[in-house]
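S.K.: Below you'll find the structure I mean.
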Amino acid sequence: MQLRKLTELDQRLIEDFEWAEHAPEVQQNADHFGKLVVVYNKRVLTVGRDRQAIVAQAAQRAGVPGDQLVVVLVPTPEMWEIPHLG
């Protein structure tokens with residue numbers, strides 16, 4: 001199997017995803033909890049629950065096809081709590 005070189009688009013998508021997964025302005029924003037966040041060039045474009053609608057809105061805003069955007073689910077703080085067993 002031959003490995004292919006990452007394109008600029010591939011690299012940007014990876015960087016956007018990693019940023020969205022760790023950036024406090026994404027992960028710690030209460031308006032994002034439990035919602036999908038659409039990211040382009042390390043910038044939040046839209047937030048909501050209807051993936052198709054927010055991707056279409058973000059694609060129009062950014063002027064790029066929807067497949068060039070990153071979508072991440074921001075968990076609510078309760079999702080990270082470990083239940084007390086005992």
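The values are calculated or read from the model by the stated rules, or taken from the named source; none is laboratory data. Note that the structure is a prediction, hence the values are computed from the model and not measured. Ideal geometry is used to build each Cβ from the backbone, glycine not excepted, and the neighbour counts take in all protein chains shown.
S.K.: In this structure, does Asp10 turn out to be outside any strand (DSSP E or B) and free of Cβ contacts under 8 Å to residues at least 24 places away in the same chain? Please lay out each step first, then the result.
M.R.: Numbers: outside any strand (DSSP E or B): yes; free of Cβ contacts under 8 Å to residues at least 24 places away in the same chain: yes.
In short, yes.
S.K.: What number of residues within the range 24-47 satisfy the criterion of being at negative phi and either part of a strand (DSSP E or B) or small (Gly, Ala, Ser) (or both)? Walk me through how you get there before you give the answer.
M.R.: As a first pass, look at the range 24-47 and keep what is at negative phi: 24-33, 35-40, 43-47.
Checking the rest, the ones that are also either part of a strand (DSSP E or B) or small (Gly, Ala, Ser) (or both) come to 30, 35-39, 44-47.
Going through the range 24-47 one residue at a time, the tally reaches 10.
Listed here are the residues, each with its yes/no results for (1) of a type in the set (A, V, I, L, M, F, W, C); (2) closer than 29 Å to Glu8 by Cβ; (3) at pLDDT below 95.
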residue	(1), (2), (3)
Tyr40	no, yes, no
Thr46	no, yes, no
Arg51	no, yes, no
Gln60	no, yes, no
Pro65	no, yes, no
Gln68	no, yes, no
Pro77	no, no, yes
Leu85	yes, no, yes
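S.K.: If you don't mind, another one. Scanning for something farther than 18 Å from Gln68 by Cβ, among the small types (Gly, Ala, Ser) and touching a residue at least 24 places away in the same chain (Cβ under 8 Å), does the range 29-36 turn up at least one residue?
M.R.: Initially, the range 29-36 is screened for residues farther than 18 Å from Gln68 by Cβ, giving 29-35.
Filter once more, keeping what is among the small types (Gly, Ala, Ser): 30, 34.
Narrowing the set further to residues that are touching a residue at least 24 places away in the same chain (Cβ under 8 Å) leaves 34.
Within the range 29-36 (the criterion being farther than 18 Å from Gln68 by Cβ, among the small types (Gly, Ala, Ser) and touching a residue at least 24 places away in the same chain (Cβ under 8 Å)), the answer is yes, since at least one residue qualifies.
S.K.: Restricting the search to the range 1-31, which residues are exposed (fewer than 12 other Cβ atoms within 10 Å of the Cβ) and basic (Lys, Arg)?
M.R.: Taking the range 1-31 and keeping what is exposed (fewer than 12 other Cβ atoms within 10 Å of the Cβ), we get 1-11, 22, 24, 28, 30-31.
Listed by number, the residues that qualify are Arg4, Lys5.
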